[in-house]
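Report on one structure; see the data block that follows.
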Amino acid sequence: MQQIIFILLFGITSFFAYRQFSKIYRNIMLGKATDRSGDSAARWQNVVLVAFGQKKMFKNWIPAIFHLFIYVAFLFTQIELIEIIIDGVFGVHRFFAPFLGGLYTLIISSIEVLSLLALVATFVFLYRRNLLKVPRLVKSELNGWPKLDANIILIGELLLVTGIFTMNGADSVLQWIDPTHYPSTGSLAISSWVGPAVFGGMEPESLMLTERIGWWLHLMVVLGFITYLPYSKHLHIFLAFPNVYFSKLTSRGEMENMPEIMHEVKSMLGIESDVPPSTDGELPEFGAKDIFDLSWANILNAYTCTECGRCSAVCPANITGKKLSPRKIMMDIRDRAEEVGKNIASGDLKYAKTKDNTEIKTLTADNYDDGKSLFDYISREELHACTTCNACVEACPVMIDPLEPILKMRRYEILTESAGPPDWTPMFTAMENGGCVWQMPVEREAWREEI
Amino acid sequence: MTVKTMAEVSASGIEVEVLFWVGCAGSFDARAQKVTKAFSQLLEKAGVSFAILGNEEMCTGDPARRAGNEFIFQMLALQNINTLNMYGVKKIVTACPHCFNTLKNEYPALGGNYEVVHHTQFLQGLLNDGRLKVEGGAFKGKKITYHDSCYLGRINGEYEAPRHLLADLEADLVEMKRCKTTGLCCGAGGAQMFKEDEPGDKRINIERAEEALSTDATIVAANCPFCITMITDGMKAKDKQDDVMVMDISEMILRSVK
């Protein structure tokens, strides 16, 4: 009976998770192509140091240590989860215990110690978020769902650890009562003495029930977590790895070149152009107006964001009270990608428009137009406040680049809309006419006369 | 001294060791001109043969590109590259980290490949090679704080060369809390220099000036003409312009050179 329920639950969860994760993949792929191949040695090095090794977390020791507890506990608990799956499918109990002997004791003991540390970390995080109110964790962009999302996960963590200790604690008492059904785990670091202390006086039937409750609780939290992840900021536990792998390896100081306008510039300057003209009659659009104009790597960045706010905490604009928050930029890109993805999946033709008004039969990313864009999420004031100082890029523990989409949107504003801050117009004019950021009445080399 | 242009030196068939890229601020801004002159004098003292592009130099295009105007950026960059390649320039030194970054990191994609160094790196080289010698003198034991510009520091990873120079001056370097990788921007980058701030509680340069003041240093050493403007303005707003000097490191070296 338990086996059937287990297989059913596991199957349903896998099905839903697969469907949700496929949607996320499709949403990421709504972005433009960008080449993030090459130099796989450097990319793997980043994965090992930054993703696995948490290198960038350790700029700030207190959250880094507690995060490490949860992270390592999470990794180790996967071993126990494999056993739970085997036990669940085949109706056995602690399948690995007889095979591994002393090693089993060591593994489960490690999981217990790590779970205890993770429990401490969970309380610390709940405290930092809700009572201490660390500034970056209570900024306005987190109001509502993001704040709840963070707390749901922490409470899930509490339930998970409770499940593990209930299961192991009851089990350690049952091993004395019924050694044939409950194979010896050896002396476990925590539950072998806490278990008897808490559950010692219980009847065997209630002990068995307690053990099952712990086991199912552990499993249900895990299954719930998998189903919940696609809706949550906690996707970073998976996406951090590909995100770090595909992060930009070129210099931070290099903005992506736009070869598509090189031909026009060259012909204007009378330089022979080896770049073909980009226009095919219609006026091209430059920069990013919507997620379709960002790269898939930008959207992957957005789905990887854990909303920790280390970027916004160091952003000079944000610190001085401007509206710009790099974290909000990433959250907005994700929200917009979700919205577009959902609308496209609906197939509703009210979202379809073509430029030449031909009849549309199916809604695709190419004919999608809901009358909205990223500019409905991100205001111009936010874009204009950025100093391109790269503090956000430096701060992100999972190598998200919030600067690139900001600059792409600035390009759209200036190149496609011919808009932007009016203050910049004299600068552009001076540069275009005199090759200098200021309109100057004297010669550029005049200073050398005064030396 | 006379500073020669590339046109002048190439007409007389002289090959120079390095091209000094002066930049818009270094050419026209009264404060930054002082840095340009100081650095030129240092180059002469060290016996470095150099030239400038003079009137043939144009803005590298950095503020246009970061404002989003790729058209103007490419227009200026392609003209500059044309000029630089015409003179066969191989090595460039500049006192502006924005020019430094664009020449070094962005011109290659447009066909301009040069060895580009920032003037603090170049000066460090001159001291290491013994071509310049300094003695503490003017700055020995003085409390000095150093402001990392974003484009030399966080973006190009150069934190040490300027600090070595300050150590050579035997200055008492007091770091601000936000320094090196976490250094706070002065507020000028990304073409902010050329526009009013967006609405907020405070100007970024005031925030940075306050942080510099909290070190009790009497000199703020910098490496960027725009940082110098921004932090000087911040000091004025705090009415500290008479107590704290904002200097380019090359100016400090010039005062201490043997």
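Report the per residue volume, in Å³, of the convex hull enclosing the C-alpha atoms of region B:201-258. Working shown, then result.
Details: hull volume 4.4 nm³, N = 58.
It comes to 75 Å³ per residue, whole-number rounded.
Picking from A:168, B:40, B:50, whose Cα lies most toward the positive end of the charge dipole for the protein assembly as shown (charges on Cβ: Lys, Arg +1; Asp, Glu -1)?
So the residue furthest toward the plus end is A:168.
Once chain A is represented by equal point scatterers at the alpha-carbon sites, with solvent omitted, what log10 I(q)/I(0) does the Debye formula produce at q = 0.11, 0.12, 0.13 Å⁻¹?
Scattering profile of chain A, log10 relative to I(0): -0.99, -1.12, -1.24.
Rg(Cα) of region A:178-250 divided by 2.2 N^0.38 Å?
Normalised by 2.2 N^0.38 Å, the Cα Rg of region A:178-250 equals 1.78.
Working with all protein chains in place, sort A:417, B:106 by solvent-accessible area computed with a 1.4 Å probe, largest first.
Sorted descending by solvent-accessible area, the residues read A:417, B:106.
For region B:84-168, with equal point scatterers placed on the C-alpha atoms only and solvent neglected, what are the log10 I(q)/I(0) values from the Debye formula at q = 0.13, 0.15, 0.16, 0.22 1/Å, to two decimals?
-0.50, -0.64, -0.71, -1.09
Find the centroid of the Cα atoms in region A:1-63 and in region B:137-170, then give the distance between the two in whole Å.
Region A:1-63 and region B:137-170 have Cα centres spaced 42 Å from each other.
Tell me, in nm to one decimal, what length is gained between residue A:273 and residue A:145 on full extension, where the rule is 0.36 nm per residue of separation less the Cα-Cα distance?
40.9 nm
Set the Förster radius R0 to 35 Å, insert the Cβ-Cβ distance between residue B:214 and residue A:263 as r into 1/(1 + (r/R0)^6), and round the FRET efficiency to 0.05.
The computed FRET efficiency comes out at 0.10.
Between chains A and B, what is the buried accessible area in Å², counting both sides, with a 1.4 Å probe and ligands, DNA and RNA left out, to the nearest 100?
Values: alone 24350 and 11780 Å², together 30380 Å².
Roughly 5800 Å².
Find how many whole Å separate the alpha carbon centroid of region B:26-50 from the alpha carbon centroid of region A:203-225.
Cα centroid of region A:203-225 versus Cα centroid of region B:26-50: 76 Å apart.
What is the mean number of Cβ atoms from other protein chains located within 10 Å of the Cβ atom of each residue in peptide A:241-254, rounded to a whole number?
3
Averaging sequence separations of C-alpha pairs under 8 Å and six or more residues apart, then dividing by the length of chain A, give the relative contact order as a whole percent.
Details: 521 pairs, mean separation 82.3, N = 451.
For chain A, the relative contact order is 18 percent.
Using only the Cα atoms of region B:134-256, construct the convex hull and provide its projected area averaged over every direction, in square nanometres to one decimal. Kindly include the intermediate steps, with their values, before the conclusion.
On the way: hull surface 29.0 nm².
Seen from a random direction, the Cα hull of region B:134-256 projects 7.3 nm² on average.
How long are the semi-axes of the ellipsoid equivalent to region A:232-382, from square roots of 5 times the Cα gyration tensor eigenvalues, in whole Å, largest first?
So the three semi-axes of region A:232-382 are 30, 25, 16 Å.
Could you calculate the FRET efficiency of residue A:220 with residue B:182 from 1/(1 + (r/R0)^6), where r is the beta carbon distance between them and R0 is 60 Å, rounded to 0.05? Don't skip to the answer; put the middle values down first.
Details: r = 42 Å, r/R0 = 0.71.
Computed FRET efficiency for residue A:220 and residue B:182 comes out at 0.90.
Accessible area, 1.4 Å probe, largest first: how do A:220, A:331 sort?
Result of the area sort, largest leading: A:220, A:331.
What whole-number value in Å² describes the accessible area per residue of chain A for a 1.4 Å probe? Let's see the in-between values first.
Working: 21410 Å² over 451 residues.
Heavy-atom accessible area per residue stands at 47 Å².
Report the one residue of B:149, B:179, B:190 whose Cα lies farthest in the direction of the positive end of the charge dipole of region B:145-192 (charges on C-beta: Lys and Arg +1, Asp and Glu -1; origin at the Cα centre).
Projecting each Cα onto the dipole axis, the largest value belongs to B:190.
Give me the orientation-averaged projected area of the Cα convex hull of region A:290-342, in nm², one decimal. Please report the intermediate quantities before stating the final value.
Details: hull surface 15.5 nm².
The directionally averaged projection comes out at 3.9 nm².
Treat region A:409-451 as a sphere of radius equal to its Kirkwood radius over Cα pairs and apply Stokes-Einstein at 37 °C in a medium of 0.692 mPa s; give the translational diffusion coefficient in µm²/s, rounded to a whole number.
271 µm²/s
Hey, what number do you get for the protein assembly as shown at 222 nm if only DSSP H runs of n ≥ 4 count, each worth -39500 (n - 2.57), divided across all residues, to the nearest 500?
The per-residue figure over the protein assembly as shown is -15500 deg cm²/dmol.
Using R₀ = 41 Å, calculate the FRET efficiency as 1/(1 + (r/R₀)^6) where r is the Cβ-Cβ separation of residue A:44 and residue A:89; round to 0.05. Mind showing how you got there, number by number?
Values: r = 34 Å, r/R0 = 0.83.
For R0 = 41 Å, the calculated efficiency reads 0.75.
With a 1.4 Å probe and every protein chain kept in, tell me what percent of the accessible surface of chain A is carbon plus sulfur. Can you show the working numbers first?
Working: 13750 of 21410 Å².
With neighbouring chains kept in place, the figure for chain A is 64 percent.
Whenever you get a sec, line up A:61, A:216 from highest to lowest accessible area (probe 1.4 Å, protein heavy atoms).
The residues order as A:61, A:216, largest area first.
To the nearest 20 debye, what is the magnitude of the charge dipole of region B:73-134 about its Cα centre, counting +1 on the Cβ of each Lys and Arg and -1 on the Cβ of each Asp and Glu?
Roughly 180 debye, rounded to the nearest 20.
Explain nothing, just the number: dipole magnitude of region B:6-124 about its Cα centre with +1 on each Lys and Arg Cβ and -1 on each Asp and Glu Cβ, in debye rounded to the nearest 20.
320 debye
Pairs on different chains or at least eight residues apart, Cα atoms closer than 26 Å: how many lysine pairs in region A:245-384 fit?
Value for region A:245-384: 27.
Which Rg and Dmax, in Å, describe the Cα atoms of chain B?
18.0, 57
Would you mind calculating the relative contact order of region B:134-256 from Cα pairs under 8 angstrom and at least 6 residues apart, reporting the percent as a whole number?
Relative contact order here is 33 percent.
Nearest 20 debye, what's the magnitude of the dipole of the protein assembly as shown about its Cα centre given +1 on Lys and Arg Cβ and -1 on Asp and Glu Cβ?
1220 debye
Which net charge results when you count Lys and Arg as +1 and Asp and Glu as -1 among the other residues whose beta-carbon is under 13 Å from that of residue A:175?
Details: positive: A:94; negative: A:171, A:178, A:211.
Surrounding charge for residue A:175 is -2.
Can you send over the carbon and sulfur percentage of the accessible area for region B:1-52, probe radius 1.4 Å, protein chains only?
For region B:1-52, the apolar C and S fraction of the accessible surface comes to 48 percent.
Full-extension gain between residue A:177 and residue A:419, please, as 0.36 nm times their residue separation minus the C-alpha to C-alpha distance. Don't skip to the answer; put the middle values down first.
Details: separation 242, 0.36 × 242 = 87.12 nm, distance 7.84 nm.
Separation in residues times 0.36 nm, less the Cα-Cα distance, equals 79.3 nm.
Which three extents, in whole angstrom, do the alpha-carbon atoms of region A:2-245 cover along their principal axes, largest first?
61, 40, 37 Å, listed from the longest principal axis down.
For region A:180-298, what is one quarter of the convex hull surface built on the Cα atoms, given in nm²?
15.7 nm²
Could you tell me the extents of region A:314-451's C-alpha atoms along the three principal axes, largest first, rounded to whole Å?
72, 42, 23
Averaged per residue, what accessible surface does chain B expose to a 1.4 Å probe, in Å²?
Working: 8970 Å² over 258 residues.
Per-residue accessible area for chain B comes out at 35 Å².
Span-like helices, chain A: DSSP H, alpha-carbon axial extent 18 Å or more, mean Kyte-Doolittle 1.6 or greater, which ones?
Span-like helices, by this rule, are A:61-90.
Just going by the charge dipole of chain B, with Lys and Arg at +1 and Asp and Glu at -1 on Cβ, which of B:128, B:222, B:200 is farthest out on the positive end?
The residue sitting farthest along the positive end of the dipole is B:128.
The values are calculated or read from the model by the stated rules, or taken from the named source; none is laboratory data. The model shown is predicted, which means the values in this text are computed figures rather than measured ones. Please note: Cβ atoms are built from the backbone with ideal geometry, for glycine as well, and neighbour counts cover all protein chains shown. For accessibility, only protein heavy atoms count, side chains too; no ligands or nucleic acids. Shrake-Rupley method; radii C 1.70, N 1.55, O 1.52, S 1.80 Å.
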